[in-house]
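First up is the structure itself, then whatever we jot down about it.
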Amino acid sequence: MLVEPIGTYTAESWDDVFDVNLRAHALLVQLLLPHLQESARKGRSPAVVAISSIEGLAANPFVPAYCASKAGLLGPTRSMAAQLGPDGIRVNAVCPGFIRTPMLQGLDIDEIRSGFEQAAPLGRIGEPAEVAQAVAFLMSARASFITGASLIVDGGVTSRHA
C-alpha cells in the first residue's frame, strides 16, 4: 500500500492504485462473464467475490487512493449482483481488516502492529487463511442465497467504529 495522504500523491500513483484495486476487477469479471453464464446454464452456482477492505468502509487519512478504490469495489459488487442475479450468478465482496500479509509485514514498526492488534476485539491480526475461508464460503453452494453482500472479516475492528 502506497502511503500518500491528500496533497502528496501524484495522478500516476492514484491511477496505479485504482487500476490494481478497482479497474482490474471489473475487467476480469467482464472477461469471465461468458464462462460464468455458461456455468449457470449448466446448473452450477457461479460466483464472483471482490476483495475490498475495511479501509473502504472507514477513513484512513494516510491512504485516500486505497480507501477510495476499495470503497469503489462495493458499488460494482451490488450493481453486478443485481444485473447477474437473474442469470444465476452471485456477486459479493469480502472486506478484510488487518491481515498478516506482505503489505502489512512491510510495516516493521512494532507499535503499529500492536495498535492493529489492540483495535480488534479478538486482540490479534488475522491470517490470510481466515480471509480465504470467507471467500470459499461465498463461492460455495452454502452461500447460494447470498448476493450483493459485503462480508467484513476483521476480528471486530469495525464494530468499534460503527
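Some observations on this one:
- For the range 113-131, the condition of being in contact with a Ser or Thr (Cβ under 8 Å, 6 or more places away or on another chain), at positive phi and not basic (Lys, Arg) holds for none of the residues.
- Test: residue in the range 6-17 that is touching a Pro at 6+ places or on another chain (Cβ under 6 Å) and surrounded by fewer than 17 Cβ atoms within 10 Å (Cβ to Cβ): yes
- Every pair of residues 6+ apart whose Cβ atoms lie under 7 Å, when the first sits in the range 112-123 and is within 15 Å of SER159 (Cβ to Cβ) while the second is modelled with pLDDT of 75 or more and among the small types (Gly, Ala, Ser): ALA120/GLY97; ALA120/GLY155; ALA120/GLY156; PRO121/GLY155; PRO121/GLY156; PRO121/SER159; LEU122/GLY155; LEU122/GLY156
- Subset of the range 47-62 that is in contact with a Pro (Cβ under 8 Å, 6 or more places away or on another chain) and of a type in the set (A, V, I, L, M) - its residue that is nearest to ARG90 (Cα to Cα): ALA50
- Only one entry in GLU12, GLU55, GLU38 is of a type outside the set (Gly, Ala, Ser), under 12 Å from the mean Cα position of the chain (by Cα) and part of a helix (DSSP H, G or I), namely GLU55.
The values are calculated or read from the model by the stated rules, or taken from the named source; none is laboratory data. Here the structure is a predicted model, which is why all the values come from computation and not from measurement. Note that each Cβ is placed from the backbone with ideal geometry, even for glycine, and that neighbours are counted across all protein chains shown.
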